Amino acid sequence: MRIASSADSSSNNSRSQMIMADSGSSDEVAVICNTDITSTESENNLINTMVERGTALLKKMEISVAEADKRTGKNTVNMQETYTVYLIETRPAESVSEEGTPAAPDTLWRRYSEFELLRTYLLVTYPYIIVPPLPEKRAEFVWHKLSADNLDPDFVERRRVGLENFLLRLASHPVLSNDNIFFLFLTEEKGWREAVLETGFQDKADSRLKSLSAMFRVKNPDKRFTALKHYSEDLSTVISQLLRIRARVADRLYGVYKVHANYGRVFSEWSAIEKEMGDGLQSAGHHMDTYAASIDDILEEEEHYADQLKEYLFYTEAVRSVCRKHELIQYELEMAAQDLSYKKQQKEELETGTVRIFSLKGMTSKLFGQETQEQRESKVAALEQSIQEGEDALKEKNAESQEFVEKAWNDIERFNEQKEKDLREALISYAIMQISMCKKGIQVWSNAKECFNKM
């Protein structure tokens, strides 16, 4: 993790304003890898995500996922398995040892499943927040030369970068960064899982069936959340299409570059039968070979830009999760209002002795006679108590709904600002990389031309 000071950022104004969380802060920012996007340095710009360093946690702590390691052990059903663990390093921000070097970091290892548990806990505990997504567990939208094996070294490296980005997203969030379980995830290797389970978050999780029922039965959905859910679905479709197109282009580009190696072979063979032209042909062949071999690094770099798009593909599900929770709260509010209305109607019927709608109670009264005055008074008193409880419940549900909407919309606005800046930067960086790639192709053929001129 590289820390960019305010002095560094002044040299690139547009870049210095790209803050992921609270846009109102002018504090330092923590940067994952290089963000100085120029045509000459774009090859090293694998991830240009920036997160706000103004939050309490990032002011105190530097966080990175330094490396990954493959291990073998027994799983929960006592079967041997191979898995990957990731080394999390944390150190006090701007800490320096007596020798003048940065203090040694605190380290611990985490499996991907532990990252999943942390995110599930955050989703349940903070349902009004668009919780950052994890990088993919298995490779998606791959082109034919890219391994889909989740233990492939290149894939593990990209996931390591994605997990670091995930932690920095959390650490930069104005709410999530202050969560104690998240802090323990970074600092306590033993006992963390038990601490998570002790929170009882699993009991608070809404079932999918319950959420689905609310979606179809809610009568007055909030139009803003409905529009947001539809937007997230459309954005998911668009990004998926982009990733599929990019995979197809990568396949064809790989073939085009590798075919250039045939130029190198033919020029080399031709040079063997020429005397005066031989050196020029041989040099031109070398340039073609270099050009053909360069595609591997180019497409590996492209994967990192694809990962940035994938992050927002996965973000769309986090957005829909917030929308579903709001639908469930709205449904419960409507049910509370409906229950209260029914109880008030029952009270009115008992007091007036009239039944406004057909009911079993009305039929019973006609067949067996009316209730005594004492019975009615007793039932009215019970209903009054029940109505009071219903009014309190409705008031509580209203307050819960209003609080959820306020908190959720604040986070949605924060996320929208983050999304627009991130995607703009990612697309610009990708375009610059493509321009650089084309310039290299022109340079190769220019070099070949010079070789031909010297023949």
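The values are calculated or read from the model by the stated rules, or taken from the named source; none is laboratory data. Note that the coordinates shown come from a computational prediction; the quantities given were computed from them, not determined experimentally. Neighbour counts are summed over all protein chains in view; Cβ atoms, including those assigned to glycine, are modelled from backbone coordinates with ideal geometry. Keep in mind that these areas ignore ligands, DNA and RNA; they rest on the heavy atoms of the full protein, side chains included. Shrake-Rupley method; radii C 1.70, N 1.55, O 1.52, S 1.80 Å.
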Local electrostatic count, L228, Cβ distance below 14 Å [Lys/Arg +1, Asp/Glu -1]: +1
Over what distance in Å are the Cα centres of the stretch 122-140 and the stretch 388-431 separated? 15 Å
N150-T107 FRET efficiency (beta carbon distance; Förster radius 25 Å; 0.05 resolution): 0.60
Pulled fully out, how much extra length does the chain show between E269 and A293, if you take 0.36 nm times their separation in residues and subtract their Cα-Cα distance? 6.7 nm
Pairs beyond 31 Å (Cα-Cα), from K190/K229; K70/K310; K395/K421; K204/K347: K190/K229; K395/K421; K204/K347
In nm, to one decimal, how far is the R71 label point from the Q338 one, both placed 7 Å along Cα→Cβ? 5.1 nm
The stretch 173-287, accessible surface, carbon-and-sulfur percent (1.4 angstrom probe): 55 percent
Summed over the other residues with a beta carbon less than 15 angstrom from that of V196, with K and R at +1 and D and E at -1, the charge totals -2
Quick one: which residues, 5 or more positions from I129 or on another chain, have an amide H under 5 Å from its amide H? H modelled 1.01 Å from N in the peptide plane, none for Pro or chain starts. none
Along the stretch 334-349, Karplus-curve 3J(HN,Hα) (6.51, -1.76, 1.60; θ = phi - 60°) to the nearest Hz, with x for Gly and Pro, reads 5, 5, 5, 5, 5, 5, 5, 4, 5, 5, 5, 5, 4, 5, 5, 5
Per residue of the stretch 169-182, in order, report the coupling 6.51 cos²θ - 1.76 cosθ + 1.60 (Karplus, θ = phi - 60°) as ³J(HN,Hα) in whole Hz, putting x for Gly and Pro. 4, 5, 5, 8, 6, x, 9, 4, 5, 9, 6, 5, 5, 4
What lysines sit close enough to K275 to cross-link, taking a C-alpha to C-alpha distance under 29 Å and skipping anything fewer than 8 places away on the same chain? K258, K449, K454
Taking placed amide H atoms and a strict 5 Å upper bound, the residues 5 or more places from E62 or on another chain that come that close are R91, A93
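What is the stretch 272-355 by shape, rounded, prolate or oblate, if you read a ≥ b ≥ c off the alpha carbon gyration tensor as root eigenvalues and call it rounded for a/c under 1.5, prolate for a/b larger than b/c, and oblate otherwise?
Prolate, since a/c reaches 1.5 and a/b exceeds b/c.
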Apportionment of accessible area to carbon and sulfur, the stretch 416-455, percent (1.4 Å): 62 percent
Each residue of the stretch 287-302 in turn: what ³J(HN,Hα) in whole Hz from Karplus with 6.51, -1.76, 1.60 and θ = phi - 60°, glycine and Pro shown as x? 4, 5, 4, 4, 4, 5, 6, 6, 5, 4, 5, 4, 6, 5, 5, 4
How much area per residue is accessible in the stretch 260-314 when the probe is 1.4 Å and only protein heavy atoms are counted (Å²)? 48 Å²
